[in-house]
Amino acid sequence: MKKLWGGRFQKTPEKWVDEFGASISFDKELVLEDLQGSLAHVHMLGQCGIIEPAEAEQIKTGLLLLKEKAENGELAFSVDYEDIHLNLEKLLIDEIGPVGGKLHTGRSRNDQVATDMHLYLKNHVKEITQLITSFQQTLLEKAKENVETILPGYTHLQRAQPISFAHHLLAYFWMLERDKQRFSESLKRINISPLGCGALAGTTFPIDRQLTAELLEFEGIYENSLDGVSDRDFIVEFLSNSSLMMMHLSRLCEELILWCSQEFQFVELDDTYATGSSMMPQKKNPDMAELIRGKTGRVYGHLFALLTTLKGLPLAYNKDMQEDKEGMFDTVRTVEGSLQIFIGMIGTLKVKKEKMKKATTEDFSNATELADYLAKKGMPFREAHEVVGKLVYTCIEKGIYLKDLSLEEYQDASSLFSSDIFETIDPYTAVAKRISDGGTGFSKVKEAIVKADKALL
């Protein structure tokens, strides 16, 4: 089969070589973006008098017909034409005849594919930011329901201090806010047009790059043609932003997996987001959370793969850069899917408030309250720390908790203790009193919810 670029070649590659080099199996995902770019390009060719207006209209008609077929899933692609660009050019020529070959005037596949990927990421980054906002709204609603729900807070996966469950959820809200900001800011570098950069050096045709940029709703153009066709920073940045966000999602997955275990029993996942065991009838496995946790490594891999591909490439375009697409497509699917799962998983999450509260009364997470109590009465904190540490040790030896000690035992440890100590070490009181800005005190959590609401406006 004659290649669209085959004029200089005397031999035809073997079929397996064609298949190895072809990208149509995955870059067909860019079909609508490629047609969008071509429609802008041919409009510009006609406007600038590079091709006849009637020819431009004929090509537009053909492209719109292909667009309709693509949207209906009616286009058939062939590995013989390597990629989405040559496949569409062949299909266009089949539809309207040789005039379709004029579409590629003043354009290279190098600037064409770069344009497609800018358009693709522009659309999907906007979709991702909308999904992040929806997930934030879900977290916020769950937080509003649980301002005074208390659970143990952890450091080193050891119980540390009691906190508001809403405060815990809002930590992820603000992580996601930073993620959303990063994605939104990246649009400045995604929303630039490489169309018209040609293969690497521009073109001799009197094209109007500003016109095509405007038609494609880009905010500007690449000022250097070499940079325009070889830049993949915008994809690396997308993969980096996605990796950061997936890390945040994975941390929450890990907590959900722990919290719904028999050992914690803090939450219960809706059946939609869990599966059973083929052998053990009692099992309810948090598979969706585990999958998102696992897919995080997959996204990291795509980031490192592209960085490794690009690190040794000279300017401008190299065939290695064909490896930029599959990881990008897969990351988009993974990120969008993970966010959609999380919106439902958190929205339907059953919070076991009494289990959480009970956990805060059967540990030593209120020990800091004792040390602060003594420090407020004038004892140096380091001395207070030691006094309380000895009380904790006493409790461990007796198999009891700090709430079970008598007032006499407290006063034997320090004369600064008085009867109000029992109210001080109550977990609810301990949380309520943490009123520093950004703290877990209920009043501060309510203020944080107001701020979070405003952040979503």
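The values are calculated or read from the model by the stated rules, or taken from the named source; none is laboratory data. Everything numeric here is computed off the predicted structure, so don't read it as measured data. Reconstructed Cβ throughout: ideal geometry from the backbone, glycine too, with neighbour counts over all protein chains shown. Side chains are part of the model used for accessible areas, which takes the heavy atoms of the whole protein and leaves out ligands, DNA and RNA. Shrake-Rupley method; radii C 1.70, N 1.55, O 1.52, S 1.80 Å.
Give the number of residues within segment 296-334 that are under 15 Å from VAL229 (Cβ atoms) and of a type in the set (A, V, I, L, M).
Qualifying residue count for the region: 5.
State all residues of segment 178-220 that are under 18 Å from LEU249 (Cα atoms) and buried (at least 16 other Cβ atoms within 10 Å of the Cβ); if no residue qualifies, say none. Steps first, please.
Residues of segment 178-220 that are under 18 Å from LEU249 (Cα atoms), as a first pass: 178-183.
Correct list: ASP179, LYS180, ARG182, PHE183.
Does SER365 qualify as being in contact (Cβ under 8 Å) with a residue 12 or more places away in the chain, out of contact with any His (no Cβ under 9 Å at 6 or more places or on another chain), of a type outside the set (Asp, Glu) and under 30 Å from GLN411 (Cα atoms)?
Numbers: in contact (Cβ under 8 Å) with a residue 12 or more places away in the chain: yes; out of contact with any His (no Cβ under 9 Å at 6 or more places or on another chain): yes; of a type outside the set (Asp, Glu): yes; under 30 Å from GLN411 (Cα atoms): yes.
Considered against the rule, which asks whether it is in contact (Cβ under 8 Å) with a residue 12 or more places away in the chain, out of contact with any His (no Cβ under 9 Å at 6 or more places or on another chain), of a type outside the set (Asp, Glu) and under 30 Å from GLN411 (Cα atoms), SER365 comes out as yes.
So which residues in segment 102-153 are closer than 20 Å to GLU447 by Cβ and assigned to a helix (DSSP H, G or I)?
Of everything in segment 102-153, those that are closer than 20 Å to GLU447 by Cβ and assigned to a helix (DSSP H, G or I) turn out to be GLN136, GLN137, LEU139, LEU140, GLU141, LYS142, ALA143, LYS144.
List every residue pair whose Cβ atoms lie under 9 Å apart, where the two residues are 6 or more positions apart in sequence or sit on different chains, the first residue falls within segment 54-79 and is in a loop (DSSP other than H, G, I, E, B), and the second residue, located anywhere, is basic (Lys, Arg) and open to solvent by 80 Å² or more (accessible area, probe 1.4 Å).
Hits for this filter: LEU75/LYS28; PHE77/LYS28.
Quick check on segment 228-240. Is at least one of its residues open to solvent by 70 Å² or more (accessible area, probe 1.4 Å) and in contact with a Phe, Trp or Tyr (Cβ under 9 Å, 6 or more places away or on another chain)? Spell out the reasoning first.
Filtering segment 228-240 down to residues open to solvent by 70 Å² or more (accessible area, probe 1.4 Å) leaves 233.
With the extra rule that they be in contact with a Phe, Trp or Tyr (Cβ under 9 Å, 6 or more places away or on another chain), the set shrinks to none.
No: zero hits.
Of a type in the set (Asp, Glu) and farther than 17 Å from GLU89 by Cα: which single residue out of GLU52, GLU29, GLU68, GLU57 fits that description?
Numbers: GLU29 fails: farther than 17 Å from GLU89 by Cα; GLU68 fails: farther than 17 Å from GLU89 by Cα; GLU57 fails: farther than 17 Å from GLU89 by Cα.
Just a single option satisfies the conditions, and that option is GLU52.
Sort out which residues of segment 113-141 are in contact with a strand residue (DSSP E or B) (Cβ under 8 Å, 6 or more places away or on another chain) and hydroxyl-bearing (Ser, Thr, Tyr), and write them in order of number. Before you say what the answer is, go through the steps one by one.
Filtering segment 113-141 down to residues in contact with a strand residue (DSSP E or B) (Cβ under 8 Å, 6 or more places away or on another chain) leaves 115, 118.
Answer for segment 113-141, where residues must be in contact with a strand residue (DSSP E or B) (Cβ under 8 Å, 6 or more places away or on another chain) and hydroxyl-bearing (Ser, Thr, Tyr): just THR115.
Tell me, please, whether a residue that is under 30 Å from LEU244 (Cα atoms) and out of contact with any strand residue (DSSP E or B) (no Cβ under 9 Å at 6 or more places or on another chain) can be found in segment 348-371.
Scanning segment 348-371, I find at least one residue that is under 30 Å from LEU244 (Cα atoms) and out of contact with any strand residue (DSSP E or B) (no Cβ under 9 Å at 6 or more places or on another chain), so the answer is yes.
Need pairs with beta-carbon distance below 8 Å; first residue in a loop (DSSP other than H, G, I, E, B) and within segment 189-212, second at pLDDT below 95 and open to solvent by 40 Å² or more (accessible area, probe 1.4 Å); sequence gap 6+ or separate chains.
From residues that are in a loop (DSSP other than H, G, I, E, B), the pairs are ALA199/TYR317; LEU200/TYR317.
Looking at segment 118-127, is at least one residue among the hydroxyl-bearing types (Ser, Thr, Tyr), open to solvent by 10 Å² or more (accessible area, probe 1.4 Å) and modelled with pLDDT of 95 or more?
From segment 118-127, those among the hydroxyl-bearing types (Ser, Thr, Tyr) are 120; that's our starting set.
Of the ones still in play, those that are also open to solvent by 10 Å² or more (accessible area, probe 1.4 Å) are none.
Looking through segment 118-127, none of the residues is among the hydroxyl-bearing types (Ser, Thr, Tyr), open to solvent by 10 Å² or more (accessible area, probe 1.4 Å) and modelled with pLDDT of 95 or more.
What number goes with the only condition from (1) open to solvent by less than 50 Å² (accessible area, probe 1.4 Å); (2) in contact with a Lys or Arg (Cβ under 7 Å, 6 or more places away or on another chain) that GLY276 does not pass?
(1)
If you check GLU237, GLU263, which single one turns out to be more than 25 Å from the chain's Cα centre (by Cα) and either in a helix (DSSP H, G or I) or more than 21 Å from ALA171 (Cα to Cα) (or both)?
Working: GLU237 fails: more than 25 Å from the chain's Cα centre (by Cα).
Going through GLU237, GLU263 in turn, just one is more than 25 Å from the chain's Cα centre (by Cα) and either in a helix (DSSP H, G or I) or more than 21 Å from ALA171 (Cα to Cα) (or both): GLU263.
How about segment 37-76: which of its residues are of a type in the set (A, V, I, L, M, F, W, C), over 19 Å from LEU119 (Cβ atoms) and open to solvent by 40 Å² or more (accessible area, probe 1.4 Å)?
CYS48, ALA54, LEU65, ALA76
Under 6 Å between Cβ atoms, which residue pairs at least 6 apart in sequence (or on different chains) link something in segment 215-230 that is closer than 11 Å to LEU195 by Cβ and of a type outside the set (Gly, Ala, Ser) with a partner that is part of a helix (DSSP H, G or I) and open to solvent by less than 70 Å² (accessible area, probe 1.4 Å)?
From residues that are closer than 11 Å to LEU195 by Cβ and of a type outside the set (Gly, Ala, Ser), the pairs are LEU215/ALA40; LEU216/ALA40; ILE221/ARG209; ILE221/ALA213; TYR222/GLY228; VAL229/ASN110; VAL229/ASP111; VAL229/ALA114.
Identify, by number, the condition in (1) over 21 Å from the mean Cα position of the chain (by Cα); (2) within 18 Å of GLU447 (Cβ to Cβ) that LEU157 doesn't meet.
The one condition LEU157 does not meet is (2).
For segment 91-117, how many residues meet the condition of being surrounded by fewer than 18 Cβ atoms within 10 Å (Cβ to Cβ) and either in contact with a Lys or Arg (Cβ under 6 Å, 6 or more places away or on another chain) or in contact (Cβ under 8 Å) with a residue 60 or more places away in the chain (or both)?
Of the residues in segment 91-117, 1 are surrounded by fewer than 18 Cβ atoms within 10 Å (Cβ to Cβ) and either in contact with a Lys or Arg (Cβ under 6 Å, 6 or more places away or on another chain) or in contact (Cβ under 8 Å) with a residue 60 or more places away in the chain (or both).
Considering only residues of segment 14-36 that are open to solvent by 40 Å² or more (accessible area, probe 1.4 Å) and at pLDDT 95 or above, which is nearest to ASP208 (Cα to Cα)? Step through it out loud before you land on a result.
If we filter segment 14-36 for residues that are open to solvent by 40 Å² or more (accessible area, probe 1.4 Å), which is where we start, we get 14-17, 19-20, 25, 28-29, 32, 36.
Subset that is at pLDDT 95 or above: 28-29, 32, 36.
Numbers: LYS28: 28, GLU29: 28, LEU32: 22, GLN36: 17 Å.
Once the filter is applied, the top-ranked residue is GLN36.
Would you check which residues across segment 305-322 are assigned to a helix (DSSP H, G or I) and surrounded by 13 or more Cβ atoms within 10 Å (Cβ to Cβ) and list them? So that I can check it myself, show each step before the final result.
The initial filter retains those residues of segment 305-322 that are assigned to a helix (DSSP H, G or I), namely 305-310, 319-322.
Hits for segment 305-322 are ALA305, LEU306, LEU307, THR309, LEU310, MET321, GLN322.
Determine whether segment 5-12 contains at least one residue that is under 29 Å from ASP208 (Cβ atoms) and modelled with pLDDT under 85.
Restricting attention to segment 5-12, the residues satisfying the condition of being under 29 Å from ASP208 (Cβ atoms) are 5, 7.
Adding the requirement that they be modelled with pLDDT under 85 leaves 5, 7.
Yes - at least one qualifying residue is present in segment 5-12.
Could you tell me whether HIS248 is open to solvent by 30 Å² or more (accessible area, probe 1.4 Å), in a helix (DSSP H, G or I), in contact (Cβ under 8 Å) with a residue 12 or more places away in the chain and not small (Gly, Ala, Ser)? Spell out the reasoning first.
Values: open to solvent by 30 Å² or more (accessible area, probe 1.4 Å): no; in a helix (DSSP H, G or I): yes; in contact (Cβ under 8 Å) with a residue 12 or more places away in the chain: yes; not small (Gly, Ala, Ser): yes.
In short, no.
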